[in-house]
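Below is one structure, written out as structure tokens; comments come after it.
The values are calculated or read from the model by the stated rules, or taken from the named source; none is laboratory data. Values in this document were obtained by computation on a predicted structure and should not be read as measured data. Cβ: placed from backbone, ideal geometry, glycine included. Neighbour counts: every protein chain shown. Protein only, heavy atoms only, side chains kept; ligands, DNA and RNA dropped before computing areas. Shrake-Rupley method; radii C 1.70, N 1.55, O 1.52, S 1.80 Å.
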Amino acid sequence: MTMDLPHSMMLQPDSADATREAFWGELQTFLEAQVRPGFRNHYEETLRPLLVDALGREPDRHEIASIMLDMPANRAWYIARTEAQRQAFDASRAIVDGQIEQLSARAAALDNGPATLELDPDLPFPAYIQAEAHNMAGGYEDAGRHHPIAAGAAYDRALAIHRVAAMGPLVDDVGHSIAAKLKEAFPNFRPLRILELGCTVGHTLLPFKAAYPEAEVIGIDVSGPCVTFGAARASALVVPVTFSQRNAEYTGYEPESFDLVFSRILLHETCEEATRNIFAECHRLLRPGGIMFHSDAPQFDELDAYTQSLRDWDIRFNAEPFMDGYYALSLEEEFERAGFDPTATFRLYAPSQIVQRGYRAEETRTSGGRYFFAGAIKRNLQRT
């Protein structure tokens with residue numbers, strides 16, 4: 001079994017390992033795209049009327065999640081989905097561990113660029129980041145192992161191979177899609193220095209170098225293994241960006257030194273205090289006229305109560321306890337608290353480029369073929 005691999009920092013596994021990895025990835029997609037949507041009919045037809053009668057009102061997301069957990073099929077889904085997630089990451093990590101010497105040699109050979117790496121081995125790892133986020137053994141820190149690149153390599157491999165991500169072989173559909181929407185919304189915006197907060201291995205970062213080739217593009221993350229692998233991956237793809245090991249709450253960069261500061265699926269993994277620190281840091285870092293945005297799943301106020309309740313699995317079983325609090329935040333109020341003008345905030349949806357090219361939206365986790373992001377401008381810009 002030979003796989004088409006997207007870059008030279010991802011290596012070919014043997015047939016047995018590839019089959020195991022593909023199985024768990026396909027099972028995740030099946031459970032997410034084929035099984036879970038069918039539960040909504042049972043809720044609407046049977047459980048919702050019971051809740052409305054008992055409560056005398058429409059139920060909220062917590063009440064819906066609670067009654068759904070009494071449904072045997074949904075409980076079975078929780079168990080199967082959790083095990084599939086864990087096994088999928090374990091399968092990808094096993095492949096990486098079996099090839100680690102070869103991967104390390106390739107990373108060393110790519111050390112001279114074009115990507116740049118800056119490490120800070122003394123940087124404290126935030127206590128609020130879950131030890132096994134997403135059921136990924138060792139988490140982003142690679143706790144208990146501390147190999148220089150293995151956690152980053154496993155994360156990249158898992159997202160690229162497992163079809164539950166469904167964001168292209170380089171896992172870069174989000175970056176390309178949001179960059180395209182940003183250019184459409186702000187056609188006169190020409191950033192010369194761009195910063196991604198919590199970049200992991202650069203899936204979203206690299207498309208911004210393609211979108212704004214004249215800009216200096218930097219990604220930061222607290223995970224040494226992620227930025228180390230990310231730099232090697234970027235060099236393998238011949239993309240001149242910088243990966244730096246820093247904390248998004250207090251980056252250490254000079255005030256007003258960036259034109260664009262953003263994050264992708266970072267904030268639901270941070271506590272409320274850290275999220276507010278990050279918003280304030282974005283305001284400090286931006287030059288006048290600069291743009292901040294954060295892309296994650298849509299806020300709860302964008303969704304109906306049943307769809308909100310689906311986050312219960314992530315919160316209970318996928319080591320993402322801050323989701324409920326973050327998605328309930330009024331982002332505009334938080335942006336204003338951080339110093340942004342409340343009249344200069346925005347919410348946008350970026351259509352998925354791979355969906356527009358014919359990829360089936362129901363096979364993705366892109367909110368029906370689009371990506372939500374919200375942000376603010378340090379001062380007003382003309383927007384179309």
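Residues in segment 277-288 that are assigned to a helix (DSSP H, G or I) and open to solvent by less than 50 Å² (accessible area, probe 1.4 Å): Asn277, Ile278, Phe279, Ala280, Glu281, Cys282, His283, Leu285.
May I ask you to say which residue of Phe208, Phe189 is modelled with pLDDT of 95 or more and open to solvent by less than 10 Å² (accessible area, probe 1.4 Å)?
Working: Phe189 fails: open to solvent by less than 10 Å² (accessible area, probe 1.4 Å).
Result: Phe208 is the single residue among Phe208, Phe189 that is modelled with pLDDT of 95 or more and open to solvent by less than 10 Å² (accessible area, probe 1.4 Å).
I'm trying to understand the selection: among the residues of segment 250-264, which are of a type outside the set (Ser, Thr, Tyr) and either buried (at least 23 other Cβ atoms within 10 Å of the Cβ) or in contact with a Lys or Arg (Cβ under 9 Å, 6 or more places away or on another chain) (or both)? Of everything in segment 250-264, those that are of a type outside the set (Ser, Thr, Tyr) and either buried (at least 23 other Cβ atoms within 10 Å of the Cβ) or in contact with a Lys or Arg (Cβ under 9 Å, 6 or more places away or on another chain) (or both) turn out to be Gly252, Pro255, Glu256, Phe258, Asp259, Leu260, Val261, Phe262.
Of the helices (runs of 4 or more DSSP H) lying entirely inside segment 38-119, those carrying at least 2 residues that are at pLDDT below 95 are 72-98.
Have a look at Leu31, Leu11, Leu117, Leu47 and point out the one that is surrounded by 12 or more Cβ atoms within 10 Å (Cβ to Cβ), of a type outside the set (Gly, Ala, Ser) and closer than 30 Å to Tyr253 by Cβ. First the steps, then the outcome.
Numbers: Leu31 fails: closer than 30 Å to Tyr253 by Cβ; Leu11 fails: closer than 30 Å to Tyr253 by Cβ; Leu47 fails: closer than 30 Å to Tyr253 by Cβ.
When all the criteria are applied, what remains is Leu117.
In this structure, does Glu26 turn out to be under 18 Å from Tyr155 (Cα atoms) and touching a Lys or Arg at 6+ places or on another chain (Cβ under 8 Å)? When the stated conditions are applied, Glu26 passes them. When each of Ile354, Ile291, Ile315 is tested for being open to solvent by less than 60 Å² (accessible area, probe 1.4 Å), modelled with pLDDT of 95 or more and within 22 Å of Leu205 (Cβ to Cβ), the lone residue that passes is Ile291.
Every residue, every condition in (1) open to solvent by 40 Å² or more (accessible area, probe 1.4 Å); (2) of a type in the set (Lys, Arg); (3) over 17 Å from Leu117 (Cα atoms), yes or no:
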site: Ala232; (1), (2), (3): no, no, no
site: Thr242; (1), (2), (3): no, no, no
site: Arg246; (1), (2), (3): yes, yes, no
site: Leu266; (1), (2), (3): no, no, yes
